[in-house]
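One structure below.
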Amino acid sequence: MLVTVTGGSGSGKSAYAEQTAVRLAEGGRLLYLATMMRGGAGAQDRIRRHRVLRSGKGFLTIEKTDRLCEIDPGVLQGATVLLEDLSNLAANVFFGSGEKAVGRADWEGAYVSCLRDLRYLRKQADHLVVVMNEVFGDGIRYEEGTMQYLHLLGALNSAAAKQADAAYEVVYGIPVPLLGETLAAASV
């Protein structure tokens, strides 16, 4: 099963995605696939907060910034995988900060690479829960490279949601079903 969870910054989407993964796992293996780069104080604060959120829930954390299709299939098979998050994966591939980037100018290469990773995870894992960020909600026109990244992220969000068995938008801590039935608690 593929579940997508989107929402704005601080909306509660990560907490809802964790609840959903725990429920889907039904006591089975839980993998937290962290794609965020560790650099900077802001990143370290976010990592600490997310560790506290998933503390005691049974997640095994795998840190991998890109090329997720290189994860050993034996690790993924039979597991419920929480991908946190698609925007970090896309940024790492597109802007070149990952282990191996396709390059900033290669929008299509970044798109193909990220979709390949999503398909691989979905094929190997029993369940895949993908956290995504809303894009274009602020109405701001950014510099060209950032706009290309936002268009990439919008295309990836759309592609993931089209393949999903269930999709949710979390607004002020309240999950709003967009596709499929409610899989976890009504709020976070």
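Per the listing Thr65, Thr146, the residue uniquely without any contact (Cβ under 8 Å) to a residue 24 or more places away in the chain and of a type in the set (Val, Ile, Thr) is Thr146. Hey, among the residues in segment 37-65 that are at pLDDT 70 or above and at positive phi, which one's nearest to the chain's Cα centre (by Cα)? In this case the residue turns out to be Gly58.
When you scan segment 1-22, how many residues do you find that are polar (S, T, N, Q) and under 15 Å from Leu179 (Cβ atoms)? Matching residues across segment 1-22 total 3. With respect to the conditions (1) of a type in the set (A, V, I, L, M); (2) under 24 Å from Leu60 (Cα atoms); (3) surrounded by fewer than 17 Cβ atoms within 10 Å (Cβ to Cβ), Ala166 lacks only one, and its number is (3).
The values are calculated or read from the model by the stated rules, or taken from the named source; none is laboratory data. Not measured: the values here are computed from a predicted model. Note: ideal-geometry Cβ built from the backbone for every residue, glycine included; neighbour counts use all protein chains shown.
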